[in-house]
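Worksheet: the structure to be examined is printed underneath.
The values are calculated or read from the model by the stated rules, or taken from the named source; none is laboratory data. Bear in mind that the values here come from a model prediction, so they are computed numbers and not experimental data. Quick reminder, even Gly has a Cβ in these numbers, built from the backbone with ideal geometry, and neighbours come from all protein chains shown. All accessible areas refer to the heavy atoms of the entire protein, side chains included, with ligands and DNA or RNA removed. Shrake-Rupley method; radii C 1.70, N 1.55, O 1.52, S 1.80 Å.
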Amino acid sequence: MSMKKLAIIGLLFGFVGVLAAQPLNKPTLEKTLETAKMLVTQKDYANAVEWFEKAYEDSEDRTLLYDIAMLHYKIRDYVRAERRLATLLRRDDGSHPDAKLFYGKVLKMNGKYDEAVIELQDFIAETLDPKLKELAQIELLGAEMAKDLPPGTSATIEHTGKDLNNKQGQYSPVLVGSNKVYFVSFEADDLIKIDAENTEYYAKIYEATKSEKTWEKPVILDDKINRPGFHNSHVYVTQDGQRMFFTRAVLEGNEVLSSKIFMSRKGTDGWQGANEVQGGVNGDFIAKHPVVGELFGQEVLFFSSNMEGVGVGGFDIYYAPLKGNDAYGDAVNLGKTINTIGDEETPFYRDGTLYFSSNGLPSLGGFDIFSSSWNGTLWSEPKNMGKDFNTSVDDVYFMVDEEGYHGFLVSNREGNRSAVSKTCCNDIFEFELAKITADIVAGTFSEDKKPLLDANVALVEIVGSERSKPYSQSNKEGNVFNFPLGIEKSYRLIATKEGYFPDSAAVSTLGLKATKSFEQRFYLKKMPPPPAPEPEYDTISAEEPIELSNIYFDFDDDVILKESEQDLEFIYELMIQYPDMRIELGSHTDARGNDAYNQQLSQSRTESARRWLVRKGIARERIEAKGYGETKPNLVTEKMAATNPFLKVGETLTETYINSFTNTDEQEAAHRLNRRTEFKIISGPTSITVKRARLKKNDAPANPAPRTPAPNNNRRSNGNGPNAPTAQEGIKIHKLSSLYGKKPEELKALPIMHFDERVVEFGAVKKEKNERIAINSPTLVTCHFKLILWIIVIVRKQNIQEKQLRQVKMGK
């Protein structure tokens, strides 16, 4: 042979060399076969298959058909592979048990899905090899999926043209910024001549810039990156444009002997010399397709490798964490969720999503592009990216820009430029995704569905438990509001208008697959008119009772407390202002309890109020103190009914009327209205004007003593106050107590008196003839008086307990 011609045909894992040698004379069949087999040994499959074809044409030896078909398959000439396998299977002698499997695969890769399904189903039914059956089932699933998937509509994919592509094949495009791309190719547009004068047939890394809509002529990077004697390929540049990762490989014919990952940093004068990446990414294995990503909050380097002992299939995807100083830790296999019995290659990571190509998952053709999302712990099941990106052949090197709408992929699909067959070589394709947009149109309406003008609508973004600053719109002349929405976001829309209750609605673009305009109608409910402002002054007429709401007493006491003095001070000022005015102070209780006691308590309290005023200098005869007890139940006013809707205006709060309520809370509220202290003018001016604020009720006083407003309590205490211990289950009642023998429910609310000693021993006493007790000493006199005092205390406390027990039975 006078020279070698090498057509560098790119496969996913490396490059194919085609040795073209033209003999001076036609060789013999024996020589032709010898040359073909030698080329296979040299892994020069593209040239080998041409020599086998010559041998078959000369001999029609059917034993050559299987080898010819497999060589066509290896160099991705699926049309010729299909033809030779069909010829073989017409008279199949069973010597190649996987021939029908490959026939089904090439039918699928030629887009003949119906035929592929039939052949693969037959093979699965016939084969006894479990591994081949598993592979066939994967291919069958892919063919059936291809039949069912709808055509792609979300992406526009275009060939990048002659500016970036030649006939030798292109690889690993990576976009930096919006107009610069790095990729891998060769310095030839046709067959490469290999002789002593041409050693520049290695793959090199190129840089190209886009000017407006066209790519300028690519520039080969210098030998700091493209080291002579190596295939420099699989390039990746970080988003900031400061680091470049790539591989340097050594090939023998069609096979990659070694491939290592290198990294270069960009300096002021361009890319610096590259160094082999240290750590678990390089070793006695092939490492390729490096790409930077993030896992567990730290930078990692994804790559594809065939390292032995830890893989799932052929080439698997791994990651290695950055340890510092450009060194990475041990490689970690991504596991069986991502990796299969086939090959997983060309990974690309963007914002929590891993894109990669696989021929071990059900695919439309050979290698399909898949995506998987990382949730912080696990990868999701890989998703085939469908007919927008995948074809019946090989689709690899998917990458997308930061915004997520523009990117590249590499494919040997129809429309590419090839040096040999139509599908031998990869070209770069550029895609644009249809930009998903969203907005919301909101309208404001009244309850009767009429447009509501001059409203305000605000949009608030919600991120977890946080809310953004509202973006508000007002429309004085209309009722329509329009807001743009971000993708993969959650919002709340809030409508407001003066005099109307606000309303809100949630809107979300999470998971949105297509452009959408949301609509939201708000039907705002009108607020009731605000109450008329309270007048600053009230006019009090003669004989009109006015309730004093701030007069307080200690429990079961009639002594005026400090907190009560503000209302009495008000009365005092009126008496000074109107010297001829006479008033009545009246105190009322509810109807519960002993009538006489209620009368007595109310009288003593109103007299205490009079005494306070007299001590201030008001003549006693100007004040009539009247305790009414329970004799004058209150009359329901509009004000009372407004705060107690169960009451009817004009009704008298008699005990019968109150007991007609089935709700105990309502009964208690009605009793509370009966408990009151009032004053009224009985002579002098016929009316007076006072500030309303002076008659308003203040909060009840908070102090340690058990106090209660006079109008709110008319029960007698036993002297221990309301906080005294009460009878509870398990408390033993002494047999000398008047409560001894009572049922627990009768004792539940009663105070219990506790004695350190129930019986006091006074010693012996003498009885004289006149039936009187003789006291023999001063000590006995003291004991005598002690005995009398104890008897008085015991009798007094027993009487009190019996009275309280009677009140409990009466429902007090």
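Phe661 sits among other residues whose Cβ lies under 12 Å from its own Cβ, and their net charge, with Lys and Arg +1 and Asp and Glu -1, is -4.
Dimensions of the range 197-344 along the principal axes, based on C-alpha atoms and rounded to the nearest Å, stand at 42, 40, 32, largest first. What the range 65-105 shows is 44 Å² of accessible area per residue, with the surface traced by a 1.4 Å probe over protein heavy atoms.
Computed 3J(HN,Hα) for the range 360-375, one whole-Hz value per residue from the Karplus formula 6.51 cos²θ - 1.76 cosθ + 1.60 where θ = phi - 60°, is x, 10, x, 9, 6, x, x, 8, 10, 8, 10, 9, 9, 9, 9, 9, glycine and proline marked x.
The heavy atoms of Arg83 present about 130 square angstrom of accessible area, all protein chains included, probe 1.4 Å. If the segment from Phe661 to Ala542 were pulled out straight at 0.36 nm per residue, it would be longer than the present Cα-Cα gap by 39.4 nm. Using the Cβ atoms and a cut-off under 12 Å, what net charge is assigned to the surroundings of Asp595, where Lys and Arg are +1 and Asp and Glu are -1? Around Asp595, the surrounding residues sum to -2. For the range 52-91 versus the range 455-491, the spacing of their alpha-carbon centroids is 66 Å. Shown here: the range 90-249, whose C-alpha atoms stretch 56, 47, 28 Å along the first, second and third principal axes, sorted largest to smallest.
A full extension of the chain between Glu488 and Ser373 corresponds to an added length of 39.9 nm, given 0.36 nm per residue minus the alpha carbon distance. Per-residue extension of 0.36 nm, minus the Cα-Cα distance of Ile688 and Tyr597, leaves a gain of 29.3 nm for this segment.
The spacing between the range 648-693 and the range 404-420, judged by their C-alpha centroids, is 91 Å. Derived from the Cα gyration tensor, the three semi-axes of the equivalent ellipsoid of the range 318-394 are 25, 13, 12 Å, largest first.
3J(HN,Hα) along the range 70-77, derived from phi through the Karplus expression 6.51 cos²θ - 1.76 cosθ + 1.60 where θ = phi - 60°, amounts to 5, 5, 4, 5, 5, 8, 6, 9 Hz, with x in place of Gly and Pro. Between Glu212 and Asn325, what is the spin-label point distance in nm, taking each point 7 Å from the Cα along the Cα→C-beta axis? With each label point 7 Å from Cα toward Cβ, the separation is 5.2 nm. When the alpha carbon gyration tensor of the range 378-501 is reduced to an equivalent ellipsoid, its three semi-axes come out at 50, 16, 12 angstrom, largest first. Once backbone amide H atoms are built at 1.01 Å from N, Gly280 has Tyr328, Gly329, Asp330, Ala331 as its partners under 5 Å, excluding neighbours fewer than 5 places away on the same chain. On a per residue basis, the convex hull of the C-alpha atoms belonging to the range 33-150 measures out at 106 Å³. With the simple model of a label 7 Å out from the Cα in the direction of the Cβ, Ser474 to Leu635 spans 5.1 nm.
Summing +1 for each Lys or Arg and -1 for each Asp or Glu, what net charge is found among the other residues whose Cβ lies under 13 Å from the Cβ of Asp284? After counting each charged neighbour, the total is 0. Ligands, DNA and RNA left out, the accessible area of the range 394-504 computed with a 1.4 Å probe is 51% carbon and sulfur.
Considering only Cα-Cα distances, which of the following residue pairs are longer than 26 Å: Lys43/Lys266; Lys525/Lys648; Lys204/Lys336; Lys74/Lys288; Lys133/Lys383; Lys288/Lys383? Too far apart for the 26 Å limit: Lys43/Lys266; Lys525/Lys648; Lys204/Lys336. To the nearest 10, the accessible area of Glu607 is 60 Å² with a 1.4 Å probe. Just report the Cα centroid separation between the range 533-593 and the range 265-344, whole Å. Each part's Cα centre sits 89 Å from the other's. Nearest 0.05, what FRET efficiency do Asp163 and Lys266 give at R0 = 22 Å with Cβ-Cβ as r? The computed FRET efficiency comes out at 0.35. Spacing of the modelled spin labels on Thr643 and Leu695, each 7 Å from Cα toward Cβ, amounts to 1.3 nm.
Put simply, the convex hull of the Cα atoms in the range 522-674 casts, on average, a shadow of 13.0 nm². In order along the range 453-463, phi translates into HN-Hα couplings of 7, 6, 9, 9, 10, 10, 10, 10, 7, 10, 10 Hz, rounded to whole numbers, per the Karplus curve 6.51 cos²θ - 1.76 cosθ + 1.60 with θ = phi - 60° and x for Gly and Pro.
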